[in-house]
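Enquirer: Got a structure for you, questions after.
The values are calculated or read from the model by the stated rules, or taken from the named source; none is laboratory data. These numbers were taken from a predicted model, which means no experiment stands behind them. Cβ placement follows ideal geometry from the backbone for every residue including glycine, while neighbour counts extend to all protein chains displayed. When the accessible area is computed, the model is the full protein with side chains, heavy atoms only, and any ligands, DNA or RNA have been set aside. Shrake-Rupley method; radii C 1.70, N 1.55, O 1.52, S 1.80 Å.
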There are 2 protein chains.
Amino acid sequence: MSAPVEFYFDFSSPYGYIASEKIDALAAKHNRSVTWRPFLLGVAFKATGMAPLVQIPVKGDYSVRDFQRSARFNGLPFRVPDNFPIGAVSATRAFYWLDGKDPVAARNLAQALYRAYFVDNVDISSADNVINVAAKLGLKADDVRAGIGDAAVKERTKSEVDGAIAKGAFGSPYIVVDGEPFWGSDRLDQIDRWLATGGW
Amino acid sequence: MSAPVEFYFDFSSPYGYIASEKIDALAAKHNRSVTWRPFLLGVAFKATGMAPLVQIPVKGDYSVRDFQRSARFNGLPFRVPDNFPIGAVSATRAFYWLDGKDPVAARNLAQALYRAYFVDNVDISSADNVINVAAKLGLKADDVRAGIGDAAVKERTKSEVDGAIAKGAFGSPYIVVDGEPFWGSDRLDQIDRWLATGGW
């Protein structure tokens, strides 16, 4: 099996959510695994001067329409959460806490967090809500809470966010295949062909 | 035949070029025609505070790579022109001058201008170069030059640009199907399904 596909995403990103529901199967089709790497778009925006989509005049209104239509196009349930966009620091730290112990469980937590936010309207900017989502996967609330607050986990999170930005992640999802970067859930078709052909 | 597909584009837009090579066949597949409507992104950017892609840190570098890869993905010849991006006022006026007399010829001129710029590296920000491209289609240089400078053509151009922005065109291509807006050459797959199903 060749190198894993690197999947960088922000928990507040609708297109990241769409990609999260597709990327594992797409990679598996080409005998690849996926390394899930949440990062924080707010930090990336400082490097680029960009702003959250929905804050941009005209484009913001279009984007909300496009989130919803693109989710339906991909056959996925979706709603714009009441609190949107958010800073997902607690969710990201919970992920890296768990990733240090069990990467598969961390991937499952990421998927559960995305679904909680974009399907069930759970505000995952709240640490309590992140802990509740994790609890449904069998994780102990006290363990998750301690993990989110752990100094080493905070440091790992900062390092991963910096690493994603150093890789060029300016938006979400940002997917790297054998060194080739792809931005957006609308590049999954290009990724499919890249994995099949090794580039073109 | 139902209402035409509205195709808004800027002559300086690589993704507009990609869409221009696909949109007529896509619409024809669903028994639709296409109304070609060049506009000026620079004017739209004033409404949104946006900037040309290549001027955005990090995202700009990615975008150049994505232009090239997306063109190859679509089987199209492409190069980043030496002078890029440009203000395409002369090209846009030449289009509307001709559109007032012969919309099919204007569509063919638009395609020739796009190919001149993104395949043959002809700087179509120059009125002389626009006139040369038009001359290859059999248009008389003096007529094109007079058209570009004509007060009524300038007024028509301004009105069309304002009209595109009023329709919500914040980027290029911006394609409207029965009132539903789609932004980007990467939405052609959604447009295909929209035309087939009337929405979803």
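Enquirer: Just one of (1) open to solvent by less than 10 Å² (accessible area, probe 1.4 Å); (2) farther than 22 Å from B:Asp120 by Cα trips up B:Ala71, so point out which.
Expert: Against the list (1) open to solvent by less than 10 Å² (accessible area, probe 1.4 Å); (2) farther than 22 Å from B:Asp120 by Cα, B:Ala71 comes up short only on (2).
Enquirer: Filter the range A:4-60 down to residues that are of a type in the set (Ser, Thr, Tyr) and open to solvent by less than 30 Å² (accessible area, probe 1.4 Å), then give me how many there are. Steps first, answer last, please.
Expert: Initially, the range A:4-60 is screened for residues of a type in the set (Ser, Thr, Tyr), giving A:8, A:12-13, A:15, A:17, A:20, A:33, A:35, A:48.
Applying the additional criterion that residues be open to solvent by less than 30 Å² (accessible area, probe 1.4 Å) yields A:8, A:12-13, A:17, A:20, A:48.
Counting residues in the range A:4-60 that are of a type in the set (Ser, Thr, Tyr) and open to solvent by less than 30 Å² (accessible area, probe 1.4 Å) gives 6.
Enquirer: Residues of the range B:54-81 being within 14 Å of chain A (Cβ to nearest Cβ) and basic (Lys, Arg), which ones?
Expert: The answer is B:Lys59, B:Arg65, B:Arg69, B:Arg72.
Enquirer: Here's a follow-up. Name every residue in the range B:116-134 that is touching a Ser or Thr at 6+ places or on another chain (Cβ under 9 Å) and under 18 Å from B:Phe39 (Cα atoms), in order of residue number.
Expert: Passing the criteria: B:Tyr117, B:Ile124, B:Ser125, B:Ser126, B:Ala127, B:Val130.
Enquirer: Might you check whether a residue that is closer than 17 Å to A:Tyr8 by Cα and among the polar types (S, T, N, Q) occurs anywhere in the range A:192-199?
Expert: The answer is no; no qualifying residue exists.
Enquirer: May I ask you to verify whether A:Ala169 is open to solvent by 60 Å² or more (accessible area, probe 1.4 Å) and either part of a helix (DSSP H, G or I) or under 21 Å from A:Lys22 (Cα atoms) (or both)?
Expert: The answer is no for A:Ala169.
Enquirer: Determine whether A:Ser172 is more than 14 Å from chain B (Cβ to nearest Cβ) and hydroxyl-bearing (Ser, Thr, Tyr).
Expert: Judged against the criteria, A:Ser172 is not a match.
Enquirer: If you check B:Leu139, B:Leu98, which single one turns out to be at pLDDT 95 or above and either charged (D, E, K, R) or assigned to a loop (DSSP other than H, G, I, E, B) (or both)?
Expert: B:Leu139
Enquirer: Return yes or no: is B:Ser172 of a type in the set (Gly, Ala, Ser) and in contact with a Ser or Thr (Cβ under 6 Å, 6 or more places away or on another chain)? Lay out the reasoning, then the answer.
Expert: Values: of a type in the set (Gly, Ala, Ser): yes; in contact with a Ser or Thr (Cβ under 6 Å, 6 or more places away or on another chain): yes.
Spelling it out, B:Ser172 is indeed of a type in the set (Gly, Ala, Ser) and in contact with a Ser or Thr (Cβ under 6 Å, 6 or more places away or on another chain).
Enquirer: While we're looking at this one, here's another question. What residue, of A:Val130, A:Val144, A:Val153, is hydrophobic (A, V, I, L, M, F, W, C), within 30 Å of A:Arg69 (Cα to Cα) and surrounded by 15 or more Cβ atoms within 10 Å (Cβ to Cβ)?
Expert: A:Val130
Enquirer: Can you confirm whether the range B:102-121 contains a residue that is modelled with pLDDT of 95 or more and over 18 Å from the mean Cα position of the chain (by Cα)?
Expert: no
Enquirer: Among the residues of the range A:116-131, write down those that are of a type outside the set (A, V, I, L, M, F, W, C) and out of contact with any helix residue (DSSP H, G or I) (no Cβ under 8 Å at 6 or more places or on another chain).
Expert: Residues satisfying the conditions are A:Asp120, A:Asn121, A:Asp128.
Enquirer: Just checking, does the range B:177-187 include any residue being farther than 15 Å from B:Phe39 by Cβ, touching a residue at least 24 places away in the same chain (Cβ under 8 Å), over 19 Å from the mean Cα position of the chain (by Cα) and away from chain A (no Cβ under 14 Å)?
Expert: No, because not a single residue in the range B:177-187 is farther than 15 Å from B:Phe39 by Cβ, touching a residue at least 24 places away in the same chain (Cβ under 8 Å), over 19 Å from the mean Cα position of the chain (by Cα) and away from chain A (no Cβ under 14 Å).
Enquirer: What's the number of the only condition in (1) open to solvent by less than 30 Å² (accessible area, probe 1.4 Å); (2) without any contact (Cβ under 8 Å) to a residue 24 or more places away in the chain; (3) under 30 Å from B:Pro52 (Cα atoms) that A:Arg65 fails to meet?
Expert: (1)
Enquirer: Looking at (1) open to solvent by less than 50 Å² (accessible area, probe 1.4 Å); (2) within 12 Å of another protein chain (Cβ to nearest Cβ); (3) farther than 16 Å from B:Ala110 by Cβ, which one does B:Phe84 not meet, given that it meets all the others?
Expert: (2)
Enquirer: Another question about this same structure. Can you name the residue in the range B:117-127 that is assigned to a helix (DSSP H, G or I) and of a type in the set (A, V, I, L, M, F, W, C) and is also surrounded by the most Cβ atoms within 10 Å (Cβ to Cβ) among such residues?
Expert: B:Phe118
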